[in-house]
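K.L.:
Input: one structure, supplied below.
Values in this text are rule-based calculations from the coordinates and carry no lab data. Note that the structure is predicted; figures quoted are calculated from it, not measured. Heads up, the Cβs are rebuilt from the backbone with ideal geometry, glycines too, and the neighbour counts pull from every protein chain shown.
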Amino acid sequence: MKRRREHLGLTQDELAQKVRVRRPTISELENHRRKTVSSEVLRRLALALSCTADYLLGMYADEDEGSELEPAGAASGYSPEALELSNLEAPRKQTTHTRASSTRATHGTEKV
């Protein structure tokens, strides 16, 4: 968060005003002394810093290296095709129905 704030040329005071929180809140977040904020504050931080909440939550692999943002894990945008999820489907049971039993079941005349 600090790197993003500085990249945008904002002071802690300016960011705090934009987000409508106290400056110590910004300092505590940047120095990892505060671990949680409300979803509304997170949304306002993301808007003020022109980034996503995912970025602020640390879902990027190279967040500390200062290079281009590369998503990690679930944020990386793998498609089901890339993960070949279709191969993970449970095998379907093969059932055989006789014409008579399926007709009775369809018409509700099958006796138990």
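K.L.:
Using only Cα atoms, figure out Rg for region 2-63 and give it as a multiple of 2.2 N^0.38 Å.
P.N.:
The value comes to 1.01.
K.L.:
Through the Karplus equation 6.51 cos²θ - 1.76 cosθ + 1.60, θ set to phi - 60°, convert the phi angles of region 15-22 into ³J(HN,Hα) values in whole Hz; use x for Gly and Pro.
P.N.:
Values per residue, Gly and Pro as x: 5, 4, 5, 4, 8, 6, 10, 6 Hz.
K.L.:
Collect residues whose amide H, placed 1.01 Å from N in the peptide plane, falls under 5 Å from the amide H of Y60; neighbours closer than 5 in sequence don't count.
P.N.:
A72
K.L.:
Follow-up. With point charges of +1 on the Cβ of Lys and Arg and -1 on the Cβ of Asp and Glu, referenced to the Cα centre of region 8-56, which listed residue (P24, A53, T11) lies farthest in the positive direction of the dipole?
P.N.:
P24
K.L.:
At what distance in nm do the modelled label points of L47 and R3 sit from each other, each positioned 7 Å from its Cα along Cα→Cβ?
P.N.:
Between L47 and R3, the label points sit 2.6 nm apart.
K.L.:
Given the peptides 44-53, 7-16, arrange them by the average over their residues of other C-beta atoms within 10 Å, most packed first.
P.N.:
44-53, 7-16
K.L.:
Please arrange V21, V41 by how many other C-beta atoms lie within 10 Å of their C-beta, fewest to most.
P.N.:
Result, fewest neighbours first: V41, V21.
K.L.:
Another question, if that's okay. What does the extension gain come out to for E40 and D54, with contour length at 0.36 nm per residue minus their alpha carbon separation?
P.N.:
Value of the extension gain: 3.6 nm.
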